[in-house]
1. For PRO30, indicate whether it is exposed (fewer than 14 other Cβ atoms within 10 Å of the Cβ) and either of a type in the set (A, V, I, L, M) or at pLDDT 90 or above (or both).
2. Counting only residues that are among the hydrophobic types (A, V, I, L, M, F, W, C) and in a strand (DSSP E or B), which one in the stretch 232-247 is farthest from GLU162 (Cα to Cα)?
3. Within the group SER238, SER261, which residue is of a type in the set (S, T, N, Q) and closer than 13 Å to ALA170 by Cα?
4. Can you tell which of GLY61, GLY54 is crowded, with 16+ Cβ neighbours inside 10 Å, among the small types (Gly, Ala, Ser) and not assigned by TED's automatic domain parsing to the domain that holds ILE120?
5. If you check ALA106 against the conditions, is it modelled with pLDDT under 85, surrounded by fewer than 17 Cβ atoms within 10 Å (Cβ to Cβ), of a type in the set (A, V, I, L, M) and under 27 Å from ARG69 (Cβ atoms)?
6. When the residues of the stretch 186-208 are filtered to those that are of a type outside the set (A, V, I, L, M, F, W, C) and touching a residue at least 60 places away in the same chain (Cβ under 8 Å), which remaining residue is nearest to ALA232 (Cα to Cα)?
7. Look at ALA219 and say whether it is within 25 Å of the chain's Cα centre (by Cα), among the aliphatic types (A, V, I, L, M) and in a loop (DSSP other than H, G, I, E, B).
8. So is ALA271 among the hydrophobic types (A, V, I, L, M, F, W, C), part of a strand (DSSP E or B) and crowded, with 16+ Cβ neighbours inside 10 Å or not?
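The values are calculated or read from the model by the stated rules, or taken from the named source; none is laboratory data. If you're wondering where the values come from, they're calculated on a predicted model, not measured in any experiment. Methodologically, a virtual Cβ is constructed for each residue, glycine included, from the backbone with ideal geometry; neighbour enumeration extends over all protein chains shown.
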Amino acid sequence: MDLKQLRAFVTVAETGNVTRASSLLNLVQPAVSRQLRLLEEDLGTELFDRSRHGMQLTPPGKTMLEYARRILNEVARAKAEIQPTEGPVAGIVSIGLLASTSDLLATRLAAEVARRYPHIRLRLTIGYAGHLQDWLEAGDVDAALLYGQKETPTLHVKALIEESLWVVAAPSAKLSRRKPLTLEHVAREPFVLPAAPQGLRAVIEHAAAEAGVVLQVFAETNALSVQKELVAQGHGWSILPAVCVTQELERGLLCAAPLASKGLQRTIVLAAPSSRQATAPVRCVVATLLDCVQATFEEGHWPDARWLG
């Protein structure tokens, strides 16, 4: 097994076609087919179902694709890191952002990294905390924003912001930011919530149990945009950090009120794996991310929150 075989395999898997893959790799088709065949012989299994409809990954092929991408990413990072010390900081850095913070931070972080470190290639991965933690521990991202995460043997954690949760509804509910509500007060409404086991769902359910109430769940979704759209159309209420709905509140698409119930806060943390040393590009991007988070908070774009960093 070698890197040429892995590159051929990943390219064919992503294009679904040997012809397109050979063009991207600047190789003739027989050479690409030979690399695939050698890799399959080495692994002792077929990685593709070959048909007139294209190249479809087999179950072993899907497993191999995850590892092959990771190997090629690590090699690319290593090559970028091994450079003269007097040269510019360069490399590939993958950062994970929570879906609820991506609107605030993604563009700002990308612009600031481009300004400070033009030779760094930034990869932004957006997701829920559970997914981001899995990707972080698997090595798919170098650092990530999570929430509620404690220090573990595999993760270094730095608390940044504590933010309160708000109840959110369609404008017709006439909720007011100046009138906090309790869970007991809102429990009679149908709710649209994140699908379990998403971390925010666990926070909400724990607070409801503490208050002795049961929320009526109308719908569950793992997409924040769908969650907000269902609420805006009047299908139910929801509970979200205020930062998630700032734009919708300003445009009159939603209304919201702070929740006064105990335990309805979440802590945003910066997490990085303790199992591997951060490269110079990763350290530079993480420092830039911290600057962006603090600047966003200090400019007042993070409502109903407290700085911990």
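1. yes
2. TRP237
3. On the way: SER261 fails: closer than 13 Å to ALA170 by Cα.
SER238 is the lone residue from the list that is of a type in the set (S, T, N, Q) and closer than 13 Å to ALA170 by Cα.
4. Details: GLY54 fails: crowded, with 16+ Cβ neighbours inside 10 Å.
After ruling out the rest, the residue left standing is GLY61.
5. So ALA106 fails the test.
6. Within the stretch 186-208, the match that is nearest to ALA232 (Cα to Cα) is PRO194.
7. On the way: within 25 Å of the chain's Cα centre (by Cα): yes; among the aliphatic types (A, V, I, L, M): yes; in a loop (DSSP other than H, G, I, E, B): no.
Criteria not met by ALA219.
8. Working: among the hydrophobic types (A, V, I, L, M, F, W, C): yes; part of a strand (DSSP E or B): yes; crowded, with 16+ Cβ neighbours inside 10 Å: yes.
It is true that ALA271 is among the hydrophobic types (A, V, I, L, M, F, W, C), part of a strand (DSSP E or B) and crowded, with 16+ Cβ neighbours inside 10 Å.
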